[in-house]
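Asks: This is the structure I want to talk about, given as structure tokens.
The values are calculated or read from the model by the stated rules, or taken from the named source; none is laboratory data. Keep in mind that this is a model prediction, so the values were computed, not measured. Note that we place each Cβ from the backbone using ideal geometry, even for glycine, and neighbour counts take in every protein chain shown.
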Amino acid sequence: MLFLETEKLTMRFGGLYAISELDMEIKESEILGLIGPNGAGKSTFINVVSGLYKPMHGMIKYRGEKIVGLRMDQIASKGIVRTFQASNLFMGFSVMQNILVGFHLGAEISFWRAMLGGSHVSNKERSLNDKALGLLNFFGMDHLKNELTSNLPHGYRRILGVAMALAADPKLLMLDEPVTGMMAEETFNFMKIIKRIVQEKKITILLIEHDMKAVMGFCDRIVVLNFGKKIAEGTPQEIQLNAEVIKAYLGEKRDVQSSESGS
């Protein structure tokens, strides 16, 4: 049984096909890179799989179960969680409170009680606090637990967004351009964290990213889209040598490991 697969997945906006007859699979416990030029259909794919958009036609199966037509919350409850390009953090909350928001999505507790804490916090809520501290420790952010999120540097905000997603207990985590705006060293450290998530927490990663060094250096496999169609898939080494990818995506005279401009 495949972890996640699509067959003839198609999504159109007006007269434009964002995804066209796409057959694709994601293997359990891998980091799969999804790349392509602007408008290739990468973010649309995540939006369809997560339930934000309903495809025109085609099939999506997650662990053998058809999930097309389910609401976003229903899909998330099955373990398919996504992050967004734009920050979805609560800037007026502390780092710790943001993590608790992620737990709240799947917990039967009062939102404001989780935020305010105090003497009336239940055993379940205390357990979630312990888990939140564990997550922050995993990401090396436990010393920032009481810091206001708006005060965090950009790199830490990106990491916090992933930590929030992990609080929802995903089995498949879809990351949409997570290292945008990071310096080279920040990007390298962030991708090492993603690798640890797969190895230690046994979570599968789908990564959309324009930073080719990150993609080529950390992904197990890569799928390349162009105009909503899959034009190549394989290991990073195979993609670097694929003439169609070099021509259609990176340009015939560009180095496949250079970063793509734009988003």
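Asks: State which residue is farthest from Ile46 (Cα to Cα) when the search covers only segment 170-187 and only residues that are over 13 Å from the mean Cα position of the chain (by Cα) and crowded, with 17+ Cβ neighbours inside 10 Å.
Replies: Glu186
Asks: Can you tell me which residue in segment 82-98 is surrounded by the fewest Cβ atoms within 10 Å (Cβ to Cβ), limited to those that are of a type in the set (A, V, I, L, M) and in contact (Cβ under 8 Å) with a residue 12 or more places away in the chain? Steps first, answer last, please.
Replies: Going through segment 82-98, the residues of a type in the set (A, V, I, L, M) turn out to be 86, 89, 91, 95-96.
Filter once more, keeping what is in contact (Cβ under 8 Å) with a residue 12 or more places away in the chain: 89, 91, 95-96.
Values: Leu89: 18, Met91: 12, Val95: 27, Met96: 21.
Once the filter is applied, the top-ranked residue is Met91.
Asks: Let me ask something else. Test of understanding: among Thr180, Thr187, which residue is part of a helix (DSSP H, G or I) and not charged (D, E, K, R)?
Replies: Details: Thr180 fails: part of a helix (DSSP H, G or I).
Matching residue, one of Thr180, Thr187: Thr187.
Asks: Does segment 31-48 contain any residue that is assigned to a loop (DSSP other than H, G, I, E, B) and within 17 Å of Leu173 (Cα to Cα)? Give the steps one after another, and end with the answer.
Replies: Initial filter on segment 31-48 (assigned to a loop (DSSP other than H, G, I, E, B)): 36-41.
Next, from what is left, pick out any that are within 17 Å of Leu173 (Cα to Cα): none.
There is no residue in segment 31-48 that is assigned to a loop (DSSP other than H, G, I, E, B) and within 17 Å of Leu173 (Cα to Cα).
Asks: For segment 150-163, check the following and say yes or no: at least one residue is under 21 Å from Asp211 (Cβ atoms), under 20 Å from the mean Cα position of the chain (by Cα), among the charged types (D, E, K, R) and not assigned by TED's automatic domain parsing to the domain that holds Asn189.
Replies: Yes.
Asks: Now for a separate question. Provide a single number: the residues in segment 198-213 that are under 14 Å from the mean Cα position of the chain (by Cα) and buried (at least 21 other Cβ atoms within 10 Å of the Cβ).
Replies: Step one: of segment 198-213, the residues under 14 Å from the mean Cα position of the chain (by Cα) are 198, 203-210.
Subset that is buried (at least 21 other Cβ atoms within 10 Å of the Cβ): 203-209.
Qualifying residue count, segment 198-213: 7.
Asks: If we keep just the residues of segment 52-81 that are buried (at least 17 other Cβ atoms within 10 Å of the Cβ) and part of a helix (DSSP H, G or I), which is modelled with the lowest pLDDT?
Replies: That would be Ala76.
Asks: Step by step: first the residues of segment 37-51, then only those that are at pLDDT 95 or above and hydrophobic (A, V, I, L, M, F, W, C), then the one that is surrounded by the most Cβ atoms within 10 Å (Cβ to Cβ). Which residue is that?
Replies: Phe45
Asks: Restricting to segment 190-216, name every residue that is under 21 Å from Gly234 (Cα atoms), out of contact with any strand residue (DSSP E or B) (no Cβ under 6 Å at 6 or more places or on another chain) and not in a helix (DSSP H, G or I).
Replies: Glu209, His210, Asp211
Asks: Here's something else I'd like to know. Evaluate the following for Glu125: is it more than 30 Å from Val48 (Cβ to Cβ) and at pLDDT 95 or above? Spell out the reasoning first.
Replies: Numbers: more than 30 Å from Val48 (Cβ to Cβ): yes; at pLDDT 95 or above: no.
So Glu125 fails the test.
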